[in-house]
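The values are calculated or read from the model by the stated rules, or taken from the named source; none is laboratory data. Quick caveat, the model's predicted, so the values are computed rather than measured. Cβ coordinates were reconstructed from backbone atoms using ideal geometry, including for glycine residues, and neighbour counts include every protein chain displayed. For the accessible areas, the whole protein counts, side chains as well, though only heavy atoms, and no ligand, DNA or RNA atoms are used. Shrake-Rupley method; radii C 1.70, N 1.55, O 1.52, S 1.80 Å.
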Amino acid sequence: MPSRGKLQGIYTPNIVPLDAKGEIHESELRRYVDWLIAKGVHGLYPNGSTGEFTRFTVEERIRIMEIICHQVRGRVPVLAGAAEANVKETVRACEKYYEMGATAVAIVAPYYYKLSPRAVYAYFKEIADNTPIDVTLYNIPMFASPIDVPTVKRLAEECPKVVGIKDSSGDIPNMIRMIQAVRPSRPDFSFLTGWDAALMPMLLIGCDGGTNASSGVVPELTRKLYDLTVAYRIDEARTLQYDIVTLFDAMLFSAEFPDGFRTAVRLRGFDTGVGRQPLSDDQQTDLAKLANKLQCMLSQHGFTDEPISGCPTGIGGSSKPQEVSMIVQAVVAELKRRGLG
């Protein structure tokens, strides 16, 4: 059964390739898993937001996990998304994924209904008391009830099965507060960021790693950014963070999520198929334009050839270095203010 080693490093929230009928493309998913592991990611994170878990049935989510766990064969940890809509179904998913050999599960706070912190605590406490597998909290306040710092601290102190948190808010000061509140009593507790644009600053303030969608497209770069940052090779890491921000922004903001990431994975040589969310004619045209832009960006790193039409000069350059520099400066200032710098 899975070990209780601390979750750390880069976990890929992988997309699911689909065939011409819109069904799970098993052979391509297996090939994609092998490729990601070969490129150096530390773990896989199926059935997450990038994996479009809400667009698959319960049976399909289980099948996705079966395929991935079988293909991984223990080479890397598997953090399984178990974001069902209620406690009963979530615990059932936890049991299934434990039997398959998953390392841990990531569970989003209750969604649709916006709940109070007390209700969020009660939800996770009930799951933690009844699950056979380690649990990672998943904080994504733009889509679900937020998990505040006191709730994280209380769950960490009361529930040995709660072993970490994946936070996709991108809120650096809030992450500092969580780490300060939890780490003294639970040094084994993992803090993972789901916001690619702040991976380097999050690692610098004490995060253990990230679940980053960009690692499903450019695992080489995301892994390298992690390695450079934990080695405190700051100048090199900052330059790479600029490039990842540029690519991440293009994939995230230029198409319906996660179609930009699916398109980019296709450019890396995988038959990803068309996503299950229908697109208008205008959206399909925009996606075709984005594919050309992404191909230019990827070609800057030698991951693809330039499109036949060529690329504008500087397309692969960093468009927002000021933004990342401001984040890094803010992190350093916050650390000094709290006596941690």
Residues of the stretch 54-164: accessible area per residue with a 1.4 Å probe, Å²: 45
Computed over the chain, Cα set: Rg, Dmax in Å: 19.4, 59
Accessible carbon and sulfur surface of the stretch 210-310 relative to its total accessible area, %, 1.4 Å: 49
Compactness relative to 2.2 N^0.38 Å, alpha carbon Rg of the stretch 1-88: 1.07
The chain - percent relative contact order, Cα under 8 Å, separation 6 or more: 17
Which listed pairs, of 114/293; 88/224; 39/96; 114/166, have C-alpha distances above 30 Å, in listed order: 114/293; 88/224
Virtual paramagnetic centre 7 Å along Cα→Cβ of residue 38, amide N under 15 Å, in the stretch 241-276: 268-271
Convex hull projection area averaged over all views, the stretch 122-228, Cα basis, nm²: 7.0
Share of carbon and sulfur in the accessible heavy-atom surface of the stretch 16-162 [1.4 Å probe, %]: 54
Per-residue SASA entry for residue 24, accessible area with 1.4 Å probe, Å² rounded to 10: 30
Extension gain, residue 130 back to residue 283 (0.36 nm per residue minus Cα-Cα distance, nm): 50.7 nm
